[in-house]
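Peer 1: So that we are looking at the same thing, I have put the structure below in structure tokens.
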Amino acid sequence: MCRHVAYLGAPRTLYDLLYAAPYSLHTQSYAPREQRHGTVNADGFGAGWYDGRRSEPLRYRRAMPIWADSSFADVARAITATCAVAAVRDATPGFGTDESCAQPFRADTWLFSHNGAAKDDEALAARLGTPAPPGALDARTPVDSAPLFASALRLWRTGAGLGEALARVAAEARACSPGRYNLLASDGSRLAATADGDTLYARRGPHGVWLASEPLDDDAAWQAVPDGCLVTADRDGLHIGPIPAAA
């Protein structure tokens, strides 16, 4: 279920980031090449971005397929970002398709996306969802991604690093429920993601770095992130290492 992508680097329009590549996120919404669970991502989409002028990200979400929102495609040509996180959604059975479930989730200076599903969402909510972080409505959304975001946000607010928090959340989630926990986050100056049950790729180029569920083009610079690994990225490069087991 779902595909997501993140970018950090030189200013680019959202159209360049989400539509222009041969296998862009827009294309992955209806024709993903490596999606293992589900075949189409028509249950909503979202994009969050940092414009370089403020620390808090801006965001746009809809409960429709990205291909059905032609107005956003037009507006995206006029929006420039130095960092962005975006996702297209294939809803987990049993959860709604309203706009509040579309990712990325947002709080303070962070953006968060989950590609995957939890087999025991009640156990996940009991272990990771409480206490709900104050002021973060996305952490209370009725979807299995919300407890993951709640846990990550609590860790970030208490000083954990961007990637450190994602690794801890993925490990704790696996300890209480089988599932797929490909998590992706940004704070505007860094990216982090876990490969845990689904595909993840990274690419560093001369003008920026990308993390994505699957390559956006056929450039040989894309490298597959092994399952069970955490990847972190900033303007100086990429680092990939194993996700530690839950304590």
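The values are calculated or read from the model by the stated rules, or taken from the named source; none is laboratory data. All of these numbers come straight from a predicted model, not from anything done at the bench. All Cβ positions, even for glycine, are placed from backbone atoms using ideal geometry, and neighbour counts span all protein chains on display. Protein only, heavy atoms only, side chains kept; ligands, DNA and RNA dropped before computing areas. Shrake-Rupley method; radii C 1.70, N 1.55, O 1.52, S 1.80 Å.
Peer 1: So, in the stretch 192-232, how many residues would count as being among the polar types (S, T, N, Q) and part of a loop (DSSP other than H, G, I, E, B)? Outline the logic, then answer.
Peer 2: Of the residues in the stretch 192-232, the ones among the polar types (S, T, N, Q) are 194, 199, 213, 223, 232.
So of that shortlist, the ones also part of a loop (DSSP other than H, G, I, E, B) come out as 199, 213.
So the answer is 2.
Peer 1: Something else about it: Are any residues in the stretch 175-204 among the small types (Gly, Ala, Ser) and in contact (Cβ under 8 Å) with a residue 60 or more places away in the chain, and if so, which ones?
Peer 2: Let us first name the residues in the stretch 175-204 that are among the small types (Gly, Ala, Ser), namely 175, 177, 179, 185-186, 188-189, 192-193, 195, 197, 202.
Answer for the stretch 175-204, where residues must be among the small types (Gly, Ala, Ser) and in contact (Cβ under 8 Å) with a residue 60 or more places away in the chain: 175, 179, 185, 186, 188, 189, 193, 197.
Peer 1: Would you be able to tell me the number of residues in the stretch 205-222 that are loosely packed, with under 15 Cβ neighbours inside 10 Å and in contact (Cβ under 8 Å) with a residue 12 or more places away in the chain?
Peer 2: Qualifying residue count, the stretch 205-222: 6.
Peer 1: Here is a further query. Check residue 94 against each of (1) in contact with a helix residue (DSSP H, G or I) (Cβ under 9 Å, 6 or more places away or on another chain); (2) at pLDDT 95 or above; (3) at positive phi and name the one condition it does not meet.
Peer 2: (2)
For (1) in contact with a Gly (Cβ under 6 Å, 6 or more places away or on another chain); (2) buried (at least 22 other Cβ atoms within 10 Å of the Cβ); (3) acidic (Asp, Glu), each residue gets a yes or a no:
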site: 98; (1), (2), (3): no, no, yes
site: 101; (1), (2), (3): no, yes, no
site: 105; (1), (2), (3): no, yes, no
site: 111; (1), (2), (3): yes, yes, no
site: 120; (1), (2), (3): no, no, yes
site: 123; (1), (2), (3): no, no, no
site: 126; (1), (2), (3): no, no, no
site: 147; (1), (2), (3): yes, yes, no
site: 151; (1), (2), (3): no, yes, no
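Peer 1: Here is a further query. Considering only residues that are farther than 25 Å from residue 9 by Cα and open to solvent by less than 40 Å² (accessible area, probe 1.4 Å), which ones fall in the stretch 233-245?
Peer 2: Across the stretch 233-245, the qualifying residue is only 243.
Peer 1: Hey, does the stretch 47-54 have a residue that's touching a Ser or Thr at 6+ places or on another chain (Cβ under 6 Å) and modelled with pLDDT under 95?
Peer 2: Yes, some residue in the stretch 47-54 is touching a Ser or Thr at 6+ places or on another chain (Cβ under 6 Å) and modelled with pLDDT under 95.
Results for (1) open to solvent by less than 10 Å² (accessible area, probe 1.4 Å); (2) in contact with a Cys (Cβ under 7 Å, 6 or more places away or on another chain); (3) of a type in the set (Asp, Glu), shown as yes or no for each residue.
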site	(1), (2), (3)
6	yes, no, no
16	no, no, yes
26	no, no, no
31	no, no, no
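Peer 1: Given the criterion on the phi < 0 side of the Ramachandran plot and either modelled with pLDDT of 95 or more or open to solvent by less than 10 Å² (accessible area, probe 1.4 Å) (or both), identify the matching residue among 132, 185.
Peer 2: 185
Peer 1: Whether any residue in the stretch 145-165 is more than 17 Å from residue 107 (Cα to Cα) and in contact with a strand residue (DSSP E or B) (Cβ under 8 Å, 6 or more places away or on another chain) is what I want to check.
Peer 2: Let us first name the residues in the stretch 145-165 that are more than 17 Å from residue 107 (Cα to Cα), namely 164.
Checking which are in contact with a strand residue (DSSP E or B) (Cβ under 8 Å, 6 or more places away or on another chain) leaves us with none.
The answer is no; no qualifying residue exists.
Peer 1: Additional query: Return the residues of the stretch 160-179 that are crowded, with 20+ Cβ neighbours inside 10 Å and either in contact with a Ser or Thr (Cβ under 6 Å, 6 or more places away or on another chain) or not in a helix (DSSP H, G or I) (or both); say none if nothing qualifies.
Peer 2: Matches in the stretch 160-179: 163, 166, 169, 170, 177, 179.
Peer 1: Go through the stretch 47-102 and count every residue that is farther than 29 Å from residue 147 by Cβ, out of contact with any Phe, Trp or Tyr (no Cβ under 9 Å at 6 or more places or on another chain) and among the basic types (Lys, Arg).
Peer 2: Within the stretch 47-102, the subset farther than 29 Å from residue 147 by Cβ is 51-53, 67-68, 70-71, 73-80, 82.
Add one more test, that the residue is out of contact with any Phe, Trp or Tyr (no Cβ under 9 Å at 6 or more places or on another chain), and what stays is 51-53, 68, 70-71.
Filter once more, keeping what is among the basic types (Lys, Arg): 53.
Residues in the stretch 47-102 being farther than 29 Å from residue 147 by Cβ, out of contact with any Phe, Trp or Tyr (no Cβ under 9 Å at 6 or more places or on another chain) and among the basic types (Lys, Arg): 1 in total.
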